1. Would you please list the contacts, defined by Cβ atoms under 6 Å and residues six or more apart or on different chains, that run from a residue in region 234-257 that is hydroxyl-bearing (Ser, Thr, Tyr) to a residue that is part of a helix (DSSP H, G or I) and surrounded by fewer than 16 Cβ atoms within 10 Å (Cβ to Cβ)?
2. Just name the residue that is modelled with the highest pLDDT out of those in region 234-265 that are among the hydroxyl-bearing types (Ser, Thr, Tyr) and within 18 Å of Ala280 (Cβ to Cβ).
3. Restricting to region 168-201, and then to whatever is assigned to a helix (DSSP H, G or I) and aliphatic (A, V, I, L, M), can you tell me which residue is farthest from Gly279 (Cα to Cα)?
4. If I go through region 120-147 residue by residue, how many of them are open to solvent by less than 10 Å² (accessible area, probe 1.4 Å) and within 29 Å of Leu207 (Cα to Cα)?
5. Would you mind stating whether Ala399 is under 23 Å from the mean Cα position of the chain (by Cα) and assigned to a loop (DSSP other than H, G, I, E, B)?
6. Between a first residue in region 312-334 that is among the aromatic types (Phe, Trp, Tyr) and a second residue that is open to solvent by 10 Å² or more (accessible area, probe 1.4 Å) and part of a strand (DSSP E or B), which pairs have beta carbons less than 7 Å apart while being 6 or more apart in sequence or on different chains?
7. Counting only residues that are open to solvent by less than 20 Å² (accessible area, probe 1.4 Å) and assigned to a loop (DSSP other than H, G, I, E, B), which one in region 296-316 is nearest to Thr369 (Cα to Cα)?
8. Among the numbered criteria (1) surrounded by 16 or more Cβ atoms within 10 Å (Cβ to Cβ); (2) closer than 20 Å to Thr341 by Cα, which single criterion is violated by Ala400?
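The values are calculated or read from the model by the stated rules, or taken from the named source; none is laboratory data. Source: prediction; values computed, not measured. Cβ atoms come from the backbone with ideal geometry, glycine included; neighbour counts cover every protein chain shown. Accessible surface is based on the protein model in full, side chains and every heavy atom, while ligands, DNA and RNA are left aside. Shrake-Rupley method; radii C 1.70, N 1.55, O 1.52, S 1.80 Å.
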Amino acid sequence: MQRRVPAYLCAMSLSALVLAGCAQGTGGSSSDASFDRNADLSGKLTVMGFGADDEIAKVRLAETKKALGSKVKVKLVSGDLDIQQFLSSVAAGDPPEVVYADRGQIGSFASRGAVMPLDDCIKGEKIDTSTYRKPALNQVTFAGKVYGIPEFNVVQIVQANADLLRKAGLSTDDVNGSSWQAVGKANKKLMRKSGGKLSVIGYDSKLPEFLPLWARADGADLISADGKKAQVDDPKVVAALKFAVGIYDAQGGFGKVKAYRDSADFFGDGNQFATGTLGAMPMEQWYVNVLNDVSPDAPVTFDTFRNTSGQPLAWASGSAWAIPKGSKNPEAACRFARTMTQTSSWVKAAQERIRLRKKDGGLFTGVLTGNVQADTKIQAMVKPSGDRKWDQAVAATYAANDHAFSMPANPAGQEFETAWQDGVNRVLNGQQTPEQAMKQAQQEAQKALDDGWAEFDK
């Protein structure tokens, strides 16, 4: 698991999407590059959106530079990927050689001609795509072609305060999502008010962002598998929204819960679990390392999030490497992507993290990647900590990683997300009922998809 908030969780701005149209058609639909795993490479390789700021990045980057050879000069443009800058560079015919992006952006980039299909790259560099997790690969496969090489994986697990659960006569079974009725009851038992104000959040259903997770838990998807049909007004989606909003309503409304939640020292030792001000919530797995670093003695407990049939479930997201149209060194870019994500690179990086953790007296809790082989090898390197709660967290994380789904690639990724999230926010703010909000969101989301596919089909 990662030790920091993944940079690729940042959202794509609307202005960037508008500008993306400028990149349409640049560079053609194929590359005249000659990809060969054994070729001697040279030239410049500018990498945008990636910084080697921890050992996982540094070790893999070192391995990749070795694979590229001394004749390739690698330059990192670190920091979150600036979408507008990237798309402007593509439109101007002067893009970076390779970019590090959120997988949810790849479909939009591909549909607008901003990144190139990687079929020849995959074949020439002999990249074994069967090793990549299907949800991750699906996110970067648009119109039947692969446009990105998956990297890190992010999933959710249930994280809870063991002391609060015990005092309320509850267990993680009551808050892992397998029974929505149980979650609702647990929320009321865990919640506390002092002087008319919320003093303990019983349960945080993590709206608006986790609506797809709650919907899938009840068997619904917000978008069709081919990425062409919005399904946000599906009765099961509406039911999931009603339930998740009801969790907040039972505590005085979303506004009060959010205000109290935002007042917590989320990344410090005054976090909600350490201070006993939160009962439970689904949360991305990287937060386990935050808790272990800043409040190792906090009374936390963990489980996989579960669907209404009791099976583990997670909504996968993450990062990927893509080669821009017009890249002046696509051959080096392809080898870069291959080596950064190959099993041996991940394993060496994990070994270095283990060494540093031992030196610092910390715990190694694993690293989640888009590579199944790497995950299997790294999981075997995780040793029992002697502390049940952290071992629980590791087990829950890897189980979640094996039971994840993803949103399919589509040409309107951010516009589609904005449509359903705006709908959720209208309900949270009391502006519309769930039915009204999702009806409007359906129209907006479908229009965005229709417009995106129409532009792509031109």
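1. none
2. Tyr248
3. Across region 168-201, the extreme among qualifying residues is Ala182.
4. Result for region 120-147: 3.
5. no
6. Within 7 Å, the pairs are Trp315/Ala404; Trp315/Phe405; Trp321/Tyr100.
7. Checking each candidate, the answer is Ala316.
8. Failed condition: (2).
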